[in-house]
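The values are calculated or read from the model by the stated rules, or taken from the named source; none is laboratory data. What you are looking at is a predicted structure, and each value in this text was computed from that prediction instead of being measured. Every residue, glycine among them, receives a Cβ derived from its backbone with ideal geometry; neighbour counts consider all protein chains shown.
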Amino acid sequence: MGGMCGIVSLDHTPIDPTLLTGMIEVMRYRGVDGVFSHFTPTTAFAHFAHHTTPTAYKTPQPLVDTASGLILMIDGRLSDREVLISRLRPTEGWSDPSPSDADLILRAYLKWGRDCPQHLVGDYAFILWDARAGEMLCVRAPFGIRALHYCHKRHFFAFATDAAPLLGLPWVSREPDLLAVLKGLTATQTEDDDTGFFKDIHWLPRGHTLHLSKKGSHHTAFWAPELSPPIRYREADQYGEHLRHLLTTIIAEGVQSAQPTMGIMISGGMDSTTIAALAKPTLEANGHKLIAYNYFKQAPPTYDERPLVRLLMAEMSLETRFIEIEPYFLSLAQLAELTFAEMPSTTIMRLPTEGIEHLRSSGGKVMLAGYGGDYFFAGPALPPHLYQLLRGDLGVLGRFLRASGRRPESLPKQFLGAFVKPLLEVGLRGRKAHATLPVWIRSGSSLYSAFETHWQGRWKASRQFSPIHSLYNAVWQRSGMRDSLLLIERLYADQRLELRLPLMDQRLARFVLGIPPDQLYSFGERKAVLRRAVKGLVPEVIRTHKKVPAPDYFQPWAQRMSRQCLPLFSPSRLDQMGVVDDASVRDALNHYAKAAEPGGYFYLHWLCSAELWLRKWVKGELLVNLPGMSSRLLDTNGDVL
């Protein structure tokens, strides 16, 4: 846990030790339990320790194995450890029945070489330097939130969990990749794209390895959705039983902790409730405690889930703290402070410090959350029965009629929800995507042409009617998860906490992608397999509850922010660099400030975040004359002066 950074000289040019010292200072906040380094004339590595698992203390990192000449560092944790240990077949000299994750990865590499990631499960990123061969292997898990940024330029290879430490190296430019910025502004970046937002800085895509030697570097995918083997049962309940067993195993592993307390963000929905129901008894069996945190907003009532959470408190004896989120909406000054080097986008709220401080004071270092469930278990963008109907399977209509008799709604209402509404949504989304680009994008340039090609390609990709790819795209591509997961991990790391997302487990992904899609989404019922899996585990009112989409609950804040952000575009750096048209952006901000449209602020929020990112991390400007920042100046490193 924590983080890592380092520099390798590929042609044996000596490395200035002060370069690593500078990287360490930028990332020191990740070293909750200390920062440890290893120097040679041509390598410099640093590991930022954050011990949150029972075995994390066992092996100091960087792990230097003198017998093999290997140096290894891992950020994250392994799951399914017992299976891995059995495959490695402990040999003479391996007497520890519960080795550290670093030891396991080292032994996996010694046995399987560069194929070792295919045998690993977990939320991790790791690097392995083979000094004798002069080769580096960088690996990032297929699912999870551990990041790895790198720059390979001249004869140096540098890497870091965060992007900011790389910007302090003399050979790394701050020149932005404007096409990547535009993709970020429109949430159309793809997980397989290794481009960061700086031209010199890349990030390793999930499920990829990067192999580096004197001959060059290249990254290769070791996981793909097609690799999920089909899972077929005779009865629908068998899928639920399989998932129940899988969830029980994953969450039991996910709450392994060296601390007496663990937190969970709980909403009253099935995802977080399932995690809490399985995590609490496991923690208590080990003498630990689970504390739930519910972030609520009183208005509109449809967003206030406290009644459901109070039900959980009563049925599960779950200690819960309620925290109103209204005070934690960002001001423009806070938005500037939370604009990180990794990406030109940020959150709409800072983390509620009341909950963070309470968890830390209770001895906790880990927060659980149910992120991922809405994407994994809700099913592909195109409902499977529509996919089958469009392929000519008229038997779908018979199956719909048989299923409709078990539901309370009228037959016409069920038909509208199962067939008419989804088809209209897909059609409208396609027309909107295929229409002209957002009006605030500056046209008539090579940048515009390149982005237009990308925009149309994304629309065509969304039209493919393969359920497995549709589901995979829903998780990673369509939802902007590439950036949002990296961002939320960084926010928690800033608060010296580790975020764990049990529902983003690789084994769950294999299950979801392997079962028939209609087990996820069946005639208007989303999360069908999850509802079967948690029967008897979570309160019935929550298991059968269907969330009603809440109105734009942050609309008043968004209107205020629209007015505050107007000065950023008079003029903006985005306009000066040919990315946007200031007049069109100001028109959009003014329009939203006067007559907010539900959901309409997201693009505008990303625009404002990107402008602050350019000023702060590319131009190195002091962010002055912004509302709320007259006495809060930021230097070029983003630190408050």
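Mind telling me which of the residues Gly355, Gly263, Gly268 ends up being in contact (Cβ under 8 Å) with a residue 60 or more places away in the chain, among the small types (Gly, Ala, Ser) and touching an Asp or Glu at 6+ places or on another chain (Cβ under 8 Å)?
Numbers: Gly355 fails: touching an Asp or Glu at 6+ places or on another chain (Cβ under 8 Å); Gly263 fails: touching an Asp or Glu at 6+ places or on another chain (Cβ under 8 Å).
Sole residue among the options that is in contact (Cβ under 8 Å) with a residue 60 or more places away in the chain, among the small types (Gly, Ala, Ser) and touching an Asp or Glu at 6+ places or on another chain (Cβ under 8 Å): Gly268.
Within the stretch 584-619, the set of residues being modelled with pLDDT of 85 or more and either in a loop (DSSP other than H, G, I, E, B) or of a type in the set (Val, Ile, Thr) (or both) comprises Val585, Val618, Lys619.
Of the listed requirements (1) in contact with a Ser or Thr (Cβ under 7 Å, 6 or more places away or on another chain); (2) buried (at least 22 other Cβ atoms within 10 Å of the Cβ); (3) modelled with pLDDT under 90, Gly514 misses just one: (2). Is it true that Lys297 is of a type in the set (Lys, Arg) and under 30 Å from Leu604 (Cβ atoms)? It is true that Lys297 is of a type in the set (Lys, Arg) and under 30 Å from Leu604 (Cβ atoms).
If only one of Phe340, Phe415 is within 30 Å of Ala528 (Cβ to Cβ), modelled with pLDDT of 80 or more and crowded, with 16+ Cβ neighbours inside 10 Å, which one is it? Break it down stepwise before answering.
Values: Phe340 fails: within 30 Å of Ala528 (Cβ to Cβ).
Checking each option against the conditions leaves just Phe415.
So for the stretch 34-49 (the condition being of a type outside the set (Ser, Thr, Tyr), at positive phi and not assigned by TED's automatic domain parsing to the domain that holds Met367), does at least one residue qualify? Yes: one or more hits. Mind checking whether some residue in the stretch 2-14 is touching a helix residue (DSSP H, G or I) at 6+ places or on another chain (Cβ under 9 Å), part of a helix (DSSP H, G or I) and within 18 Å of Trp171 (Cα to Cα)? No, the stretch 2-14 contains no residue that is touching a helix residue (DSSP H, G or I) at 6+ places or on another chain (Cβ under 9 Å), part of a helix (DSSP H, G or I) and within 18 Å of Trp171 (Cα to Cα).
If you take the residues of the stretch 358-411 that are among the polar types (S, T, N, Q) and buried (at least 17 other Cβ atoms within 10 Å of the Cβ), which of them is modelled with the lowest pLDDT? Give the steps one after another, and end with the answer.
Keep residues of the stretch 358-411 that are among the polar types (S, T, N, Q), which gives 361-362, 388, 404, 410.
Right, trim to buried (at least 17 other Cβ atoms within 10 Å of the Cβ) and you get 388, 404.
Values: Gln388: 72, Ser404: 76.
Filtering the stretch 358-411 for residues that are among the polar types (S, T, N, Q) and buried (at least 17 other Cβ atoms within 10 Å of the Cβ), the one modelled with the lowest pLDDT comes out as Gln388.
Filter the stretch 111-129 down to residues that are out of contact with any Lys or Arg (no Cβ under 8 Å at 6 or more places or on another chain) and buried (at least 16 other Cβ atoms within 10 Å of the Cβ) and give me whichever is farthest from Val366 (Cα to Cα). Ranking the qualifying residues of the stretch 111-129, first place goes to Trp129.
From the list Thr320, Thr273, which one is farther than 30 Å from His605 by Cα, assigned by TED's automatic domain parsing to the domain that holds Arg350, part of a helix (DSSP H, G or I) and within 27 Å of the chain's Cα centre (by Cα)?
On the way: Thr320 fails: part of a helix (DSSP H, G or I).
Thr273 is the lone residue from the list that is farther than 30 Å from His605 by Cα, assigned by TED's automatic domain parsing to the domain that holds Arg350, part of a helix (DSSP H, G or I) and within 27 Å of the chain's Cα centre (by Cα).
For the stretch 52-81, a tally of residues being part of a strand (DSSP E or B) and either closer than 14 Å to Val35 by Cα or out of contact with any Pro (no Cβ under 8 Å at 6 or more places or on another chain) (or both) returns 11.
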